[in-house]
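Below is one structure; the comments refer to it alone.
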Amino acid sequence: MRKGQVSRETRETAICAELDLDGSGRAEISTGIGFFDHMLTAFAVHSDFDLTLTCKGDLEVDCHHTIEDVGIVLGQAIAKALGEKGGIRRYGSFYVPMDEALGFCSMDISGRPFLVFDCPFSGERVGAFDTCMTGEFFRAVAVHAGITLHLRALYGANDHHKIEAIFKAFAHSMQEAVRPREDSRPLSSKGVL
């Protein structure tokens, strides 16, 4: 059973998350940031993962702590669900068109966290979501899940569309990377990830 459950509480946020990599795309999300809830729901639906996540954060300050801390918790839940990472395909890449925008993601679930984020935005926010927090969210996920992650918005005029394309590309890449192989050993010439 490839499931990860994580709770994290600080002076800034209180987060509970449950992730099932072998789910059906069911999402129950509540962060207090409508657009962020929409993106996390899109992630669950497009990855076919079940994700239940609640966050109570200091939104009276701004959205930074909530979004980054959710990234930390989601990354930890992914790491728990994968365990020793044996028997997965490890790599995943995907393009997603979203109207005029095109998003791309490529990943290696390697245990070596790294983020390349090439996603320029024209506006400061989408709803109550600061566009600059998109990179911070994915950096937190990559670090805490142990993923080498490359994300790119190749083009687009609408920041909502660009961010959504990136989240969906991440979801489809993740679905491919965690897909089971017949061999239960880690996909590595070193024999370990």
Could you tell me whether Leu82 is more than 20 Å from Glu164 (Cα to Cα), among the aliphatic types (A, V, I, L, M) and buried (at least 21 other Cβ atoms within 10 Å of the Cβ)? yes
Within region 130-189, work out how many residues are charged (D, E, K, R) and in contact with a Ser or Thr (Cβ under 6 Å, 6 or more places away or on another chain). 1
From the residues in region 70-95 that are small (Gly, Ala, Ser) and modelled with pLDDT under 95, which one is nearest to Gly4 (Cα to Cα)? Gly83
I'm trying to understand the selection: among the residues of region 129-163, which are in contact with a strand residue (DSSP E or B) (Cβ under 7 Å, 6 or more places away or on another chain), surrounded by fewer than 23 Cβ atoms within 10 Å (Cβ to Cβ) and of a type outside the set (Phe, Trp, Tyr)? Thr131, Gly135, Arg139, Thr148, His150, Arg152, Leu154, Asn158, Asp159, His160, His161
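Residues checked against (1) among the hydroxyl-bearing types (Ser, Thr, Tyr); (2) under 26 Å from Ala177 (Cα atoms); (3) surrounded by fewer than 18 Cβ atoms within 10 Å (Cβ to Cβ):
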residue	(1), (2), (3)
Cys16	no, yes, yes
Asp20	no, yes, no
Ser30	yes, no, yes
Leu40	no, yes, no
Asp58	no, no, yes
Val70	no, yes, no
Any hit, region 100-110, residues being out of contact with any Cys (no Cβ under 6 Å at 6 or more places or on another chain), surrounded by fewer than 17 Cβ atoms within 10 Å (Cβ to Cβ), more than 26 Å from Arg26 (Cβ to Cβ) and not polar (S, T, N, Q): yes
In this structure, does Phe121 turn out to be without any contact (Cβ under 8 Å) to a residue 60 or more places away in the chain, among the aromatic types (Phe, Trp, Tyr) and buried (at least 17 other Cβ atoms within 10 Å of the Cβ)? yes
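The values are calculated or read from the model by the stated rules, or taken from the named source; none is laboratory data. Remember, predicted model here, so these are calculated numbers, not experimental data. Here Cβ is always computed from backbone atoms with ideal geometry, including for glycine, and neighbour counts include all displayed protein chains.
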